[in-house]
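A quick write-up on the structure given underneath.
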Protein chains: 2
Amino acid sequence: MTDEISYLKDCARVDSAAVEPLPSSRKVYVQGSRSDLRVPMRAISQSITPTDMGGESNPDVLVYDTSGPYTDPEARIDIRKGLDPLRGDWIRERGDVEQLSRYTSAFTRRRNADPTLDPLRFFEGRKPLRAKAGKNVSQMHYARQGTITPEMEFIAIRENLKLQEARERGLLESQHPGQSHGASLPGAITPEFVRNEVAQGRAIIPANINHPELEPMIIGRNFLVKINGNIGNSAVSSSIEDEIEKLTWGIRWGADTIMDLSTGKHIHETREWIIRNSPVPVGTVPIYQALEKVGGVAEDLTWDIFRDTLIEQAEQGVDYFTIHAGVRLHHVPLTANRVTGIVSRGGSIMAKWCLAHHRESFLYEHFEDICQIMKAYDVSFSLGDGLRPGSVADANDAAQFGELETLGELTKIAWKHDVQVMIEGPGHVPMHLIKENMDKQLTCCDEAPFYTLGPLVTDIAPGYDHITSGIGAAMIGWYGCAMLCYVTPKEHLGLPNKEDVKTGIITYKIAAHAADLAKGHPGAQVRDDALSKARFEFRWEDQFNLGLDPDTARSFHDETLPKESAKVAHFCSMCGPKFCSMQISQEVRDYARARDLDENSALATGMQEKSREFMESGGKLYDKI
Amino acid sequence: MTDEISYLKDCARVDSAAVEPLPSSRKVYVQGSRSDLRVPMRAISQSITPTDMGGESNPDVLVYDTSGPYTDPEARIDIRKGLDPLRGDWIRERGDVEQLSRYTSAFTRRRNADPTLDPLRFFEGRKPLRAKAGKNVSQMHYARQGTITPEMEFIAIRENLKLQEARERGLLESQHPGQSHGASLPGAITPEFVRNEVAQGRAIIPANINHPELEPMIIGRNFLVKINGNIGNSAVSSSIEDEIEKLTWGIRWGADTIMDLSTGKHIHETREWIIRNSPVPVGTVPIYQALEKVGGVAEDLTWDIFRDTLIEQAEQGVDYFTIHAGVRLHHVPLTANRVTGIVSRGGSIMAKWCLAHHRESFLYEHFEDICQIMKAYDVSFSLGDGLRPGSVADANDAAQFGELETLGELTKIAWKHDVQVMIEGPGHVPMHLIKENMDKQLTCCDEAPFYTLGPLVTDIAPGYDHITSGIGAAMIGWYGCAMLCYVTPKEHLGLPNKEDVKTGIITYKIAAHAADLAKGHPGAQVRDDALSKARFEFRWEDQFNLGLDPDTARSFHDETLPKESAKVAHFCSMCGPKFCSMQISQEVRDYARARDLDENSALATGMQEKSREFMESGGKLYDKI
């Protein structure tokens, strides 16, 4: 947005790079039990195996698709209008919500009445929904009532990725069993399984009734590991359009949820644009905006201001709130001798408030009031770790674990209200202390899903903290963490731009997928096996397309061997035509198979004879080239 | 090299970017017991803590320095002349080597006599050294005789990084104890400890007597985890000068050893330039060059050609040889049903040879002959894993582990000759199968150091395999792997350029350091703590300079807040001035300390009073800004 005087609703455009289908990919929908329940997936098509390697056709590989309608050429995309309200009927049909005639939040009403904000406004047609008096509209509540919602069915289909078909094709046979660390991964995800996991609190479905545009997804350790991408502007950088671009770019590469961490101007308006255009759940940290409302003076925060902020955001459609209600007065002094004190913004705001007033945190004291709001809109808790370690020195200390124990208490209170909860986790933790975090979280919080930032396994690589944290993220994902909050290369240094967002997302897709493989998630290895088979058979385009980032893979290949012919070559630039181990290995395999060679017969019987035949028939190593 | 007709010896220049000292860093030397034993380290200086945060001075941080004389402004660098022969006297003084009047290898002699190679030649003044008849010049041999060599003393000083000083300053107190998985990390490394580890075979010192230029280093799980960077041209890409540039660039960022994997033209000449200019050990895979000598026809390889290649390279000064002697005839059929067959170049060459001749591998059969060569020059074995898995599907299979068992047998044979051995490892391995690799290697190979490529924990991210493998590398380093072979973003796609080399090195420095932290290597956390303290105190320049890559950190910061003033600001671009959690946290700490607040007194006594004082004195949160 170069000029804020122009009206965003007239000029805003989605980035064209974000709406192109990925190469050799097409959007497919799996039909559910009702006509408006169509679950999107991405099908990656493959070429046939070269004739001299078997000539067989290779099946489409189905992958989980977070990109929403943006990558569907059939969809009409206009960010000025927002996405279609996919869940609109599902929500209304339950009969437990009412449409309000006006926004409940006083702040929202003031904002909407301010004509100077018109150029930035999304649109005004929408009226907020809220649970009818006495009703609870959380997915956990439905689950505990025994109701399987369309959201749950959607999720079951989505998580399965047509696993049964893959199984029937034999594609699961080469998968390693995995080591699940206590996760209970079923052979197939059923709607009932989803319901039960949500009822038990082991998984959450972040899905605000005011965010009908979202495609339901689930966060829990018995499902695919998810990742979150943070976006948001700050007082010194970025505009609304930049943030929308980061959203569409982030989900294109695989962000399962997005957190809008804006702290700059126009937080309210930015959020509206983001939610209306987001097919993935949107999380926020409401205390950031509440602090803006009191001019940045933490001591001036009050429950009333915070409460109005929660309602403001809930009626916009935020799906989960990070709330640092675990930072209690008595925890604060525990941080005094840390190397890096309190590094969470929310945590430090609350610590300051507690010390200044010498009172218990108002978030902690009003926790049940907060639950009342959450269940009226189905906003999920993401209980913030305000005292997470900001350096490896501070990992797993009394402050961190003291807060975690409080989060466990709060989980039980939220569950009493059938409010969905996940728990945020560190931070900076050396590798050998990661598992203790996961185990303690499972125990303290009765298996509520864990949602961690990294952890970063060392402090010494500013500029590469996507990697320092990707290592920890993969490990904690394996140990049972349900969602991994990405870290970009700019962590500690600046605000991520679009390229940083992509790097962070891809790094975290790697971590999450590595965790799925290590846990033994059924079907997780199908994509690895397909890609490796393509690699072995020199199907270069398939290798690129099956990867997490086809564009980068292709451009790296082309840097060394740019010609089209190189993409059908039976060698690559690392070794050149005379040295290709894949090529040699293929010949070994052909030979071994042709001769029905197996370990015993090879050693026992007429190998001399066979060897002579091979020498006569095979000749030089590379005669094909 | 744009024009091969010009003489490299007249025009070759070192890249200026590779010889600048790193910012705020200076080369320091720790004097050993003899005047020519001066151990280089890098001292990173820090600024003082801001007055309002304590105003104390912050000590230099010493870091392990692989960059050799290149970053010493006092050193005269001329790659046409090569580095000074640091170890020349040490080697000669032992009285067990003789200078040969001419090169032993017939190939070398032909090469040296060929005038068409003059433009590419390094120089001809040097005469090779070899052990006198009946002598064994390996560091293992000396160690087993009870001799502490200057190399061992150098290493002890180098690994210690003046640990005692740091301990006396209290800098080790915040370090986590770590979980060593059976490694025996001493509180201080003594020359005797080095000697004993080498004598036991638990560590190796790759140090060919014909590579006197190298600064001794050690590879073993009771020492700092090391990393290797691969360079080398192929038939389709790269020149000698490019490779020298990758060498100096790689060691600048932390490569502990370099492998020259050239397979293209002028392998012999390229290697000479590399070794003469390398302060780190150089490894090769001799079978690559041997195959070139037989026109790329694996079946035509013979023991005589391979033997001459070993001697050719040993007399140039190669410090370790990857030798795939573990690929035996009976292993080959075990790979036939793999997803990706044999992916090691050396492994596939040997598999092809074995099948074609239906004979046991000549490397296996001549293993004792190879040992005779190794001990005459002190070349260390890096026993190659020719059957490593090339996909997660193939991880930990019968072929891989069958070969590993053979490598265990070969280790015992090498040790019989007092020849140093490390063992190469995979490859592609999902996280949950990594530890089995490490444990099995320790058992099969009697604790000989493990040297692994990655492992890559998933196959689905071509273009990002530095990350897929960095995850596995950090984990296996923690479990006990002694050296990690880097993987660059170009893995599977193309040859790495200079930037890829840097990315690979930094990623692997992260993995190695994370492993040191997790193992509890004494002093490993000093750099983390210093950087985190600098971060907390908004000493931006110190934060950049203490990191693995100051240049990237600084440029990322400057993208958002380019002005110099921003580098002394008490906030950063992520949050802006009004939202800085570090700032708030500092205030919390100041407050807590000023009031002598501790957990018990805070809750028990006059906090209301203190709180009021704070409110009166503190006022607004951000009045400093």
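Since every read-out is calculated from the coordinates, none of them should be taken as a lab result. All figures in this text were calculated on a predicted structure; none of them were measured in a lab. Note that we place each Cβ from the backbone using ideal geometry, even for glycine, and neighbour counts take in every protein chain shown.
Quick notes
- Considering the protein assembly as shown at the alpha-carbon level, its Rg and Dmax are found to be 31.3, 99 Å.
- Angle between chain B longest axis and helix B:526-536 axis [Cα atoms, degrees, rounded to 10]: 40
- For B:355-364, mean number of other protein chain Cβ atoms within 10 Å: 4
- Ordered by the count of other Cβ atoms within 10 Å of each Cβ, fewest first, B:383, A:163 give A:163, B:383.
- For segment A:251-320, the Cβ-based charge dipole about the Cα centre amounts to some 280 debye (Lys, Arg positive; Asp, Glu negative; other atoms uncharged).
- Each other residue within a Cβ distance under 9 Å of residue B:270 adds +1 if Lys or Arg and -1 if Asp or Glu, for a net charge of -2.
- Cα gyration tensor shape of segment A:8-59, rounded if a/c is under 1.5, else prolate or oblate by comparing a/b with b/c: oblate
- Placed amide H near residue B:450: partners under 5 Å, 5+ positions off or other chain: B:423, B:482, B:483
- A simple spin-label model places the labels of residue B:173 and residue B:413 5.6 nm from each other, with each point 7 Å out along Cα-to-Cβ.
- Centroid-to-centroid separation of segment A:29-91 and segment A:488-556 [C-alpha atoms, Å]: 18
- Spin-label model distance (nm) - residue A:551 vs residue B:17, 7 Å beyond Cα toward Cβ: 2.4
- When each of A:533/B:435; A:533/B:502; B:498/B:519; A:226/A:412; A:226/A:509; A:412/A:440 is checked by Cα-Cα distance, pairs over 20 Å: A:533/B:435; A:533/B:502; B:498/B:519; A:226/A:412
- DSSP bridge analysis restricted to chain B gives an antiparallel fraction near 40%, rounded to the nearest 5.
- Phi angles of segment B:509-516 translate, via the Karplus equation with coefficients 6.51, -1.76, 1.60 and θ = phi - 60°, into HN-Hα couplings of 4, 4, 4, 5, 5, 4, 5, 4 Hz per residue; Gly and Pro are given as x.
- Put simply, the C-alpha atoms of segment A:98-228 give a gyration tensor, and the ellipsoid matching it has half-axes of 39, 18, 13 Å, longest first.
- In a DSSP loop and with at most 13 other Cβ atoms within 10 Å, the GluC sites (Glu not before Pro) in segment A:140-179 are A:173.
- Rg over Rh [alpha-carbon atoms, Kirkwood Rh] for segment A:262-316: 0.98
- Extension reserve of the residue A:397-residue A:330 stretch, reckoned as 0.36 nm per residue once the Cα distance is removed: 22.7 nm
- Among B:447, A:541, A:192, A:312, a tally of other beta-carbon atoms within 10 Å of each Cβ gives an order, fewest to most, of A:192, A:541, B:447, A:312.
- Nearest 10 degrees, 0 to 90: helix A:434-444 Cα axis against chain A principal axis: 50
- Considering only the protein assembly as shown, percent of DSSP beta bridges that pair antiparallel, nearest 5: 40
- For residue A:382, the amide hydrogen comes within under 5 Å of the amide hydrogens of A:321, A:322, A:323, A:422, counting only partners 5 or more places away or on other chains and with H modelled in the peptide plane.
- Helix A:607-618 axis, angle to chain A major axis (alpha carbon atoms, nearest 10°): 80
- Estimated vicinal HN-Hα couplings, Hz - segment A:470-478 in sequence order (Karplus 6.51, -1.76, 1.60; Gly, Pro = x): x, 4, x, 5, 4, 5, 6, x, 4
- Peptides B:218-228, A:104-114 ordered by packing proxy, namely the average of other Cβ atoms within 10 Å per residue, highest first: B:218-228, A:104-114.
- Remark on chain B: ratio of C-alpha radius of gyration to 2.2 N^0.38 Å is 1.03.
- For residue B:30, residues with placed amide H under 5 Å, excluding near neighbours: B:39, B:41
- Listed values for segment B:305-312 are Karplus-derived 3J(HN,Hα) couplings in whole Hz (6.51 cos²θ - 1.76 cosθ + 1.60, θ = phi - 60°), namely 5, 5, 4, 4, 5, 4, 5, 3, and x replaces Gly and Pro.
- Here the spin labels are modelled as points 7 Å beyond Cα on the Cα-Cβ line, and at residue B:372 and residue B:117 they lie 2.5 nm apart.
- For segment A:44-111, averaging the sequence separation of C-alpha pairs within contact (under 8 Å, six or more residues apart) and dividing by the residue count gives a relative contact order of 16 percent.
- Alpha-carbon Rg/Rh ratio, for segment A:1-139, with Rh computed the Kirkwood way: 1.12
- For the pair residue B:45 and residue A:294, a Förster radius of 41 Å applied to the C-beta separation gives a FRET efficiency near 0.45, rounded to the nearest 0.05.
- Normalised convex hull volume, segment A:274-401, alpha-carbon set, Å³ per residue: 112
- Going from the residue with the fewest nearby Cβ atoms within 10 Å to the one with the most, B:415, A:303 rank A:303, B:415.
- Projecting the Cα atoms of B:77, B:100, B:120 onto the charge dipole of segment B:34-170, computed from C-beta unit charges around the Cα centre, puts B:100 farthest toward the positive end.
- Projecting the Cα atoms of B:295, B:421, B:146 onto the dipole axis of chain B, where Lys and Arg carry +1 and Asp and Glu carry -1 at the beta carbon, places B:146 farthest toward the positive end.
- Anchor residue B:81: aspartates and glutamates whose Cα lies under 16 Å away (excluding residues fewer than 8 positions away in-chain): B:10, B:15, B:118, B:124, B:213, B:241, B:245, B:269, B:272
- Cβ-placed point charges (K, R +1; D, E -1), dipole of the protein assembly as shown about Cα centre in debye, nearest 20: 160
- Counting charges near residue A:224 (Lys, Arg +1; Asp, Glu -1) among other residues having Cβ under 15 Å from its Cβ returns a value of +2.
- The stretch between residue A:10 and residue A:181 holds 56.3 nm of extra length on full extension. This uses 0.36 nm per residue minus the Cα-Cα distance.
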